[in-house]
Structure formats: C-alpha cells, structure tokens
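Read through the structure below, which is laid out as structure tokens, and then see the notes.
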Amino acid sequence: MEVVPIAFDSLGARSMCTFVKTSDLNILIDPSVALGPRRYGLPPHEIEIKRMTELMVDIRKHIEVSDLVVITHYHYDHHNPDDARLLAEKKVLLKHPKDKINRSQAERAAFFLERLREVEADVEFADGRSYDFDGVHVSVSSPVYHGANPRLGFVLEVFIEDGDTFLFSSDVEGPIHREQLNFMLESDAETVFVDGPMTYMLGYRFSAKSFESSIQNLIELIDKTNVKRIVVDHHLTRDLDYRKKIDSVIRRGEEAGTEVLSAAEFLGKEDLLLEARRKELYSKKT
Ligand SMILES: [Fe+2]
Ligand SMILES: [Fe+2]
C-alpha cells in the first residue's frame, strides 16, 4: 500500500486529502482544500491562494485516477461541490447526510448529494459500515465528534487494509475523546494520519483540558498499538510552535520506534505553514 498526502496544512493550505494506492484499488479521501478565512485579522494572502490552486489541481488529477472516493464530513476543506462532476459514475462513500450531523453540514450535504445525483455517482452512506473490494478491506467508524463536542457536527474515521494497514482520523482535533480514540486502537494500523490538537486556539476555542487529553490519547495510541508512523497535521499545523506543543508525544514515539511527523515531513519535504505565517507574508515586500 502506498499512502500519499496530497493536500495538508503542512503543505500550504487547509486539507487532509490523502491518496491510498492499494493492491487493487485507488482510494482518495476528502478531495478538497480551503484557506482560513481570517487569521491574525487578515484574509488569505495571494501566496496562499496560489498554493491552494496548485493543490486543487493535484487533487483533481487524483480524483480522476481513483476508483473509490471517501468523504468524511461536509466542511469545504473536505468536499468540493464544484467538483461533483468529476465523481460521475465513481463509487463514493459518504458521511450520512441526516443522522449525527449539525444543521450547517446537513444543508451542505443535501446540496452536494443533489450534484452527485445529477452526475449519477454511485453513492453510499458509510457510517459504521465495512466493505470488501477484491481483497481490500475498508472499514468506516460510527460518527465521532468533530473536535470537542457536536457543535461542529460529526466525522467518520476510515481504516484501509490490503495486507498493509492505514487509518485516517478526519477532523477529531486531537483525538480529544475516548470514542474518537477507540476506533484507532481497534484498527491498530501501521500508518495513521490524524488531525492533531487545535493548539492555535488554545484558551479560546480549544480548552487546556481538551489539549491535555489529546496528548494523553496520542501517547496511548503509541503505547497500545503497533503504529510505525503517525502524521499529525491539519488543525495542529496552523501553529508555528506545533512541535513544541506535542513534544511529549514525539519523545514517546522515539522511545517506541514510532515516527511522529507532519504530512510534509512524511513526504520528505519541509513544512510550508502558510496560514500560520500569514502575518509575515503580508509584512514582506514581494
Ligand atoms: Fe471539518
Ligand atoms: Fe478540516
């Protein structure tokens, strides 16, 4: 199995889009990308817009070569209604549009599903379900909180197995809660991509308590599973000091032989934390 981060916050824009090439099937998870509308009181910089456009082009290329597309929830950094036509006649596993969802995501889900129907995509609601596609096992979690509570709705986690194993957490912002961690423990994947704690909002929209339990849960993931590498990204890599914030997790990983890294580092690249550097981008003369 080859797991390739396509668009992530550490690659320059908000996303967790991941391509998984298995023995028999190409899978794309959460094919979209977005920019933080305001950061440090500033709108996206033109460098961010340019980068997002590049990532979008790459996402579209990967939609075309995918047999299966998974959409874990209906935020615009995870699904793009404008690209529904690219999903024509493809198999699409989706978060249920009405159960365990908040109002804003339910409205977006209805709109997106309408677009998918127009292009005759082969749509299935995947909450809590498992699938076998010619030797490739795909298992989807029951809905778990998007972050600390259900205000932002629910997301699905995705486990893929073809001999090798991969887990995708979607927007758990931690994981903060036992319910979010449980599916990760049960899956016991060698490679895990997780949405890390939202430390750039620490003390505002992310409590010290949520942060503390995220750290404990990431350590528990290292201790209780055979995970070899954990990509921690998305909400976490909006913080320039993210490494310091998860220092105890990185150290536990070193003791256990588990790499803890960003999506960019996973690809052997340097972090491109454009949103976190937005103030600096504006202060530079280009
Ligand atoms: Fe989200
Ligand atoms: Fe997200």
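The values are calculated or read from the model by the stated rules, or taken from the named source; none is laboratory data. Here the structure is a predicted model, which means the values were calculated and not measured. Positions of Cβ are generated from backbone atoms using ideal geometry, with glycine treated the same way; all protein chains shown enter the neighbour counts. Side chains included, ligands, DNA and RNA excluded: accessible areas come from the protein's heavy atoms. Shrake-Rupley method; radii C 1.70, N 1.55, O 1.52, S 1.80 Å.
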Could you give every pair whose Cβ atoms fall below 6 Å, whose first residue belongs to segment 56-78 and is within 12 Å of ligand 2 (Cβ to nearest atom) and open to solvent by 10 Å² or more (accessible area, probe 1.4 Å), and whose second residue is among the charged types (D, E, K, R) and modelled with pLDDT of 95 or more, counting only separations of at least 6 or pairs across chains? D77/R14
For segment 1-30, which residues satisfy the criterion of being over 25 Å from L240 (Cα atoms), buried (at least 22 other Cβ atoms within 10 Å of the Cβ) and not hydrophobic (A, V, I, L, M, F, W, C)? T22
Within segment 151-172, restricting to residues that are within 16 Å of ligand 2 (Cβ to nearest atom), open to solvent by 10 Å² or more (accessible area, probe 1.4 Å) and of a type outside the set (K, R), the one that is farthest from Y200 (Cα to Cα) is F154
Return yes when Q216 is within 14 Å of ligand 1 (Cβ to nearest atom), out of contact with any Leu (no Cβ under 7 Å at 6 or more places or on another chain) and either over 19 Å from D77 (Cα atoms) or polar (S, T, N, Q) (or both) and no when it is not. no
Take the residues in segment 234-268 that are without any contact (Cβ under 8 Å) to a residue 40 or more places away in the chain and at positive phi, then tell me which one is most open to solvent (accessible area, probe 1.4 Å). G268
Matching residues, segment 68-110, being more than 16 Å from ligand 1 (Cβ to nearest atom) and either out of contact with any Lys or Arg (no Cβ under 9 Å at 6 or more places or on another chain) or within 22 Å of I160 (Cα to Cα) (or both): L68, V69, L87, A88, E89, K90, K91, V92, L93, K98, D99
The number of residues in segment 109-150 that are among the small types (G, A, S), closer than 22 Å to D171 by Cα and open to solvent by less than 30 Å² (accessible area, probe 1.4 Å) is 5
